[in-house]
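Only one structure is covered here, and it is reproduced in the block below.
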Amino acid sequence: MVMARRPRGFGHLYRRKKILADGTARELPTWWIAYHVRGKLLRESTGTAIKADADKILRSRTIAADSGQLLDPLVHRTTLMDLCGLVETDYRNNRRASLREVGRAFERIAERLGRDTLARNITAASVEEYKASRLRDGAAPATINRELAALRRGFRLAVRLGKLAVRPDFSLLREDNARKGFFEAHQFRAVYEQLPDYLKPIATFLYWTGWRGGEAQSLEWRQVEMKAGVIRIENTKNREPRTIPYAAVPALKELIERQRQVTTDLERKTRSIIPWVFHRGGQPLKHYLCAWHTACRKAGLPGRIPHDFRRTAARNMLRVGIPQPVAMKIGGWKTDSVFRRYAIVDEVLLAENMRKLAATTDLVHA
């Protein structure tokens, strides 16, 4: 084993030897480094046969150790899937709804980089190659960005918790896939007529309110105050509780009352308690997209998705003059920028406002 002399306390470089079948020893080209973290000796391969590069790695490790950034004695063993565990724990602690997506994102990354890949060996260059390979496979930029966002979160947590000294700096892909789909009243009626009966109530609710599909699916009767005619929800995506006076809209008032009656009749028949407002025979609504897409095709509107109701509601609220802050409260939009992404200003709305301008202006014709 050949050692490179360095000042005491600054770690050292060395090369390992391999014992051959004939009993002789052969020196391996890759440089290894040894350094101390909190009194514990750590050894790791630099992955390079160039001594100057190995020396730079050793210096970065000793500087990080001296500054207190290397707190975990097993820092050099943190793997890609360790990062996944950190993110999942963070999501679980903060009760984030997208916990399942974290594991899926890291599994996709692990398919190309390897589950046991050391986190310190994931560089900006390897991330760029990952982007390129996913794009070649036909993945959408938005999908790739969600995966990279999970990876970035993992690196940030690892550095914060002392499991990594540094993290790679990589960018996300540009996304240009904003949807512009929305439903005119006659289009909604066409799809509504083709929907199975169990989907018609929730579709109507989404059309009027612009809620996220998951919020409507999880809506329970304990959140509905029939006498007051309001719905109160606490657990929302943007973590802001909302109160919706549904009874102010006759169509919604009739819908909720009808759903209450249907639910009550079913509870008496089955001798059970049904907590959900929207359900299928007393069971929560799940996996209904197949029926949804079938109805859209029959209505001559293929490719529409339930999330288009958010754009529809935002546009309809602007059309009838509902102030933006009120519209944002109803639909659950937290920021102006997000609301503007949904509130597509179409030709009808522009024409209506131009007519208002023409009716109120004091300007004379030139």
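The values are calculated or read from the model by the stated rules, or taken from the named source; none is laboratory data. Just so you know, these numbers come straight off a predicted model, no measurement behind them. Because the Cβ atoms are built from the backbone with ideal geometry, glycine has one as well, and the counts that use them run over all protein chains shown.
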Exercise. Out of all the residues in segment 246-267, which are in contact (Cβ under 8 Å) with a residue 24 or more places away in the chain and either of a type in the set (S, T, N, Q) or outside any helix (DSSP H, G or I) (or both)?
Worked result: V249, Q259, T263
For this session: For A142, work out the one condition from (1) in contact with an Asp or Glu (Cβ under 6 Å, 6 or more places away or on another chain); (2) surrounded by 18 or more Cβ atoms within 10 Å (Cβ to Cβ); (3) of a type in the set (A, V, I, L, M, F, W, C) it doesn't fulfil.
Result: (2)
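For segment 154-166, check the following and say yes or no: at least one residue is under 16 Å from the mean Cα position of the chain (by Cα) and surrounded by fewer than 18 Cβ atoms within 10 Å (Cβ to Cβ). Working first, answer last.
Restricting attention to segment 154-166, the residues satisfying the condition of being under 16 Å from the mean Cα position of the chain (by Cα) are 154.
If we keep only those that are surrounded by fewer than 18 Cβ atoms within 10 Å (Cβ to Cβ) as well, we get none.
Within segment 154-166, not a single residue is under 16 Å from the mean Cα position of the chain (by Cα) and surrounded by fewer than 18 Cβ atoms within 10 Å (Cβ to Cβ).
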Exercise. How do the pairs read when you match residues in segment 163-174 that are at pLDDT 85 or above with residues anywhere that are part of a loop (DSSP other than H, G, I, E, B), using Cβ under 9 Å and keeping only pairs 6 or more apart or on different chains?
Worked result: P168/I122; P168/T123; F170/T123
Exercise. In segment 139-150, is there at least one residue being in the same structural domain as A119 (by TED's automatic domain parsing) and assigned to a loop (DSSP other than H, G, I, E, B)?
Worked result: yes
Exercise. Helices (runs of 4 or more DSSP H) wholly in segment 268-366 with at least 3 residues that are modelled with pLDDT under 90 and surrounded by fewer than 12 Cβ atoms within 10 Å (Cβ to Cβ) - which ones?
Worked result: 347-360
